[in-house]
Amino acid sequence: MTLAPQRADHASTKPQGINPRLRVTSDEPRPQRAALTGTGRPNPAAHLSPDDIEGIGHELDALRQEVMDSRGDRDAAYIRKVIRTQRYLEMGSRALLLFSNVKVKGFRPAWWLGTAGLSVSKILENMEIGHNVMHGQWDWMRDPKIHSTAWEWDNASPASQWKHSHNEIHHTFTNVLGRDNDLGYGILRVDEDQPWSLFYLFQPIWHVGNALVFEYSIAAYDLELGGYLAKRERMSEEEKATFRANRNEVLQKIKRQATKDYVVHPALSAVSGSSRTTLTANVVANLVRNLWTNTVIICGHFPPGISTFEKTSIDGETRGEWYLRQMLGSGNISGTKAMHVITGNLSHQIEHHLFPDMPSNRYAEIAPRIRDLMQRNDLPYVTGSLWKQAASVYLKVVQLSLPNKVEGERRRDVVRRELGKAWRSKKLGRRY
């Protein structure tokens, strides 16, 4: 689990526990932040002195302690209610799908209701329950059934691999170029500071395809499949054996998931002649869950106004600087209470990145105080409706599929030049 402050009262899900890089203060004086980033963009935190940033850290430490000290019966009741609701919704929806082939005036009401209910059930299980339980948000309850070390979610990615790539890597190195692989998941260019190549010309297609099969994309990402394919010739036998073991774990998880959704439940519907319609309902529910999850995640990480950071910027990083990076590297989604629940409260992405182990039902409570803190320190609090944020990301994906604008050179000329280089390289390779 990745946490910001060092918290002795929290039971970590990993032996190493808290990220050891994070300290209350630095051993050496921290430099004033530059007015511009390495690529010449304005630095939104340039006006803050090291003392200002340390003060922000202390204020956030105090806020966190206040909330964590007040955890109790109402929080436990909340997560148990959500889990109970999700399970009843799933059971009811699957019961309806036993009769999904029954038509009423040419309409299949059981299919539509069952598919809708199953879709919402899967979203709740993945986002408000699975994601947050595996962050250790409910470990303080000491309930072995709702604990980060025991939870296995309804998803293609095994919990252990997801916790490593998400809790330990992403939440530690949020938006650090070259360290946080969640920045485009290795297939998308979502920031101008990411180098451009011809591969990204097709990223609007990758983006839609990735959203449709998101659970499998995340499984491949957590497995670090791309890194293995790129480095396998240089890997030791021990590293290859580790990869094979992880690969087999993923394949077994996918097999279990596919058997449940695409074999067992359709077979149970055979008595009413609803096998085919139950199968299509499960396919649609998984697609809906994938699209929704992908949309919520991109809205929290990639809209305009969210900052990225260079590797060198986190050298000697203090806790206050880590907090600052989380605030600048995340964005929120505005909406109703129901919308917050169905997003797993990741509509409060800023608050979640600040306090990933805080119970998710508390994010809405602290959001006004976080916003006030950021406004007092003249920091941008990025937020907007789901549709606004999602549309801005899709537009960004299209724009960044092309190289950055350079004065005196058209982007299409850059693309043509790179295409020419690739063609010549290919011809030369054929010749030899």
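Coordinate-derived values only; no laboratory data. Only a predicted model underlies this, so the values are computations on that prediction, with no experimental measurement involved. We place every Cβ from the backbone using ideal geometry, glycine too, and count neighbours over all the protein chains shown.
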field: Charge dipole magnitude, Cβ of K and R +1, D and E -1 - the chain, Cα centre, debye nearest 20
entry: 2340 debye
- prompt: Is the range 176-287 rounded, prolate or oblate when judged by the Cα gyration tensor, a ≥ b ≥ c being the square roots of its eigenvalues, rounded requiring a/c under 1.5 and prolate requiring a/b larger than b/c?
  reply: oblate
query: To the nearest 0.05, how large is the calculated FRET efficiency for Leu198 and Leu395 if R₀ is 22 Å and r is the Cβ-Cβ distance?
result: 0.55
message: I need the calculated FRET efficiency for the pair Val415 and Lys260, taking r as the beta carbon distance and R₀ as 41 Å, to the nearest 0.05.
response: 0.35
field: Prolate/oblate/rounded call for the chain, Cα gyration tensor, a/c under 1.5 rounded
entry: oblate
statement: Once both label points are put 7 Å beyond Cα along the C-beta direction, the Asn404-Thr336 separation in nm becomes 4.3 nm
field: For the chain, calculated [θ]222 nm from helices alone, where every DSSP H run of n ≥ 4 adds -39500 (n - 2.57)
entry: -16000 deg cm²/dmol
query: What's the FRET efficiency of Asp143 with Trp387 using the Cβ-Cβ distance as r and R₀ = 35 Å, to the nearest 0.05?
result: 0.40
- request: Kindly provide the trypsin sites (Lys or Arg not before Pro) of the range 213-246 that DSSP labels as loop, not H, G, I, E or B, and whose Cβ sees at most 12 other Cβ atoms within 10 Å.
  value: none
query: Given the options Lys122, Lys388, Lys145, which has the most mean-square fluctuation in a GNM of the chain, springs set between C-alpha atoms less than 10 angstrom apart?
result: Lys145
- prompt: Please state the relative contact order of the chain as a whole percent: Cα pairs under 8 Å, 6+ residues apart?
  reply: 23 percent
Net lengthening on full extension, Leu268/Asp378 (0.36 nm per residue, minus Cα-Cα): 33.8 nm
- prompt: Which order, highest average first, do 56-64, 291-299 follow once you tally other Cβ atoms within 10 Å for each residue and take the mean per peptide?
  reply: 291-299, 56-64
field: Spatially proximal aspartates and glutamates relative to Lys81 (Cα-Cα < 20 Å; intrachain offsets below 8 disregarded)
entry: Asp73, Glu90, Glu125, Glu128, Asp139, Asp143, Glu152, Asp154, Asp357, Glu365
message: Taking every DSSP beta bridge with both residues inside the chain, roughly what % is antiparallel (nearest 5)?
response: 40 percent
Length added when fully stretched, Ser236-Asp69, from 0.36 nm per residue minus Cα-Cα: 55.4 nm
- request: Sort the range 303-432 into rounded, prolate or oblate with this rule: let a ≥ b ≥ c be the square roots of the eigenvalues of the Cα gyration tensor; rounded if a/c is under 1.5, and if a/c is not under 1.5, prolate when a/b is larger than b/c, oblate otherwise.
  value: prolate
